[in-house]
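Heads up, the thing below is written out as structure tokens.
Just so it is clear, none of the values below were taken in a lab; they were calculated from the coordinates. Here the structure is a predicted model, which means the values were calculated and not measured. Here Cβ is always computed from backbone atoms with ideal geometry, including for glycine, and neighbour counts include all displayed protein chains.
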Amino acid sequence: MNSAKNAPKPAKLISNLGLKHRNSFGLDSTAELAYEITSAEQLPDLLKELKDKKLAWRALGGGSNVILPESLPGATLLINILGQELIKSDDSNTWFSVGAGVNWHELVSWTLEQNLPGLENLALIPGTVGAAPIQNIGAYGVEIGEYIDSIEAFDSAAHALVTLPQEACQFAYRDSYFKQNPNRFIVTKVIFKIPKAWQARLQYADLAKQFSESNSNPNAKQIFDAVCAIRSKKLPDPAVIGNAGSFFQNPIVNKDQHDLLIQQFPDLVSYPDGPEKRKLAAGWLIDQCGFKGKRIGPVGVYEKQALVLVNHGGGTSTDILGLAKNIQEEVLSKFGVQLEIEPNIL
């Protein structure tokens, strides 16, 4: 009797749910069966049921890093697991846990309210906490993987709730073990480990310029505010115009390829990325191919930042991916560099 009393409430099911407001591109998409997941404990029974019925499934967070087709057959799991709490602290670090459905930017704000600086460079990145480690989100010289202690997730291969320590997550540039194993894991909770020794991270040009002009040593809140201001100038608000932020990864090339490119294109924008490697600014490459501000039917390239593709209204995944392919082909032809798409294509 006790076990029945403690059993999780089944996930709420909604049939034929429109997802236009659940993806930042604002693409019209309909989920045949949408399940609202509010606790990790709902997943084992639900995934068993879906497996028994031979139904395809996928997890969806805030929809800020996905390209949705017009129809999603089978089951779409809406990850709405909320809550965050401090777990423990020692002389060097503080640990806290966060539900996968928590809004990422709101979490960054919360860490500063708790006097836990470290994530401020990642302010205003859209999406949810659960989606963040899959892509190993990063901005202005900081990646989320640096601050993760462990990930709690449902492993559909083992059909069990599991905990993966940081080293098992295999974080790399916009990559992780989760991304390498698509549709295997559903992230339910992220445990963060924030060092108490904090140092401002200002190596990226925009941030460095902002604070060199004021000749100050900024605190974490000032960096947070600066990142918000810079991102707001460069990136469109998805509530105003549909987009998924940066659409392409910044490509990484070896020193020899970089040196050849510099000879041809002296204004090439790049950054050091470990020994003998350079990270190229994908937005600059796209801009040089004449795409900034270009519009093809209902979709186009944002006029202020060539790295961002936008849906002006009525666009479909086919429109977005067609434009992306056009850009990839032009950049490859001009620079010999292959651009990789950052959002997940469902």
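Please work out the Kirkwood hydrodynamic radius for the chain, using every pair of different C-alpha atoms, and report it in angstroms with one decimal place. Averaging 1/r across every pair of different Cα atoms and inverting gives 21.5 Å. Can you give the angle from 0 to 90° between the axis of helix 104-113 and the longest principal axis of the chain, with both taken from C-alpha atoms, to the nearest 10? The two axes meet at around 90 degrees.
Taking label positions 7 Å along the Cα-Cβ direction at both HIS21 and ASP267, the computed distance is 4.4 nm, reported to one decimal.
Spin-label pair SER39-LEU161: with each label point 7 Å from Cα along the Cα-Cβ axis, the two points sit 0.8 nm from one another.
Among ALA282, ALA239, ALA100, which one moves the most in a GNM of the chain with springs linking Cα atoms closer than 10 Å? Looking only at ALA282, ALA239, ALA100, the largest GNM fluctuation is found for ALA239.
Counting neighbouring Cβ atoms within 10 Å and putting the fewest first, the residues THR111, THR163, THR30 line up as THR163, THR30, THR111. Which of the lysines could a cross-linker bridge to LYS221, judged by Cα under 21 Å and excluding same-chain residues fewer than eight apart? Straight-line reach from LYS221, under 21 Å: LYS193, LYS196, LYS209, LYS233, LYS234. Calculated FRET efficiency, GLN338 and ALA7, Cβ-Cβ r, R0 41 Å, to nearest 0.05? Calculated transfer efficiency: 0.25.
The GNM of the chain, with springs linking C-alpha atoms under 10 angstrom apart, assigns the highest mean-square fluctuation among ASP90, ASP225, ASP149 to ASP90. Based on DSSP H segments of at least four residues, each scored -39500 (n - 2.57), the chain has a per-residue ellipticity at 222 nm of -8000 deg cm²/dmol. Cross-link pairs exceeding 31 Å in C-alpha to C-alpha distance, out of LYS20/LYS304; LYS51/LYS179; LYS53/LYS179; LYS51/LYS88, comprise LYS51/LYS88. Taken one residue at a time, the phi angles of the range 65-78 give Karplus couplings (6.51, -1.76, 1.60, θ = phi - 60°) of 10, 9, 10, 8, x, 5, 9, 10, x, x, 10, 10, 9, 8 Hz. Gly and Pro are set to x. Cβ crowding within 10 Å, taken as a proxy for footprinting-reagent exposure, orders VAL102, VAL162 from fewest neighbours to most as VAL162, VAL102. Close amide H pairs (under 5 Å, H built 1.01 Å from N) link ARG174 with no residue at least 5 positions away or on another chain.
With R₀ set to 45 Å, the beta-carbon distance separating PHE211 from LEU321 gives a calculated FRET efficiency near 0.70. By the count of neighbouring beta-carbon atoms within 10 Å, fewest first, ILE81, ILE191, ILE345 end up ordered ILE345, ILE191, ILE81. Distance between the C-alpha centres of the range 14-33 and the range 112-167: 25 Å, rounded to the whole angstrom. For TRP57, the residues whose amide H sits under 5 Å from its own are ALA75, ignoring neighbours fewer than 5 places away on the same chain, with H placed 1.01 Å from N. Loop-resident chymotrypsin sites (Phe, Trp or Tyr not before Pro) (DSSP state other than H, G, I, E or B) in the range 188-231 with no more than 15 further Cβ atoms inside 10 Å of their Cβ: TRP198. Dimensions of the range 283-346 based on its C-alpha atoms, expressed as ranges along the principal axes with the largest first, amount to 32, 26, 16 Å.
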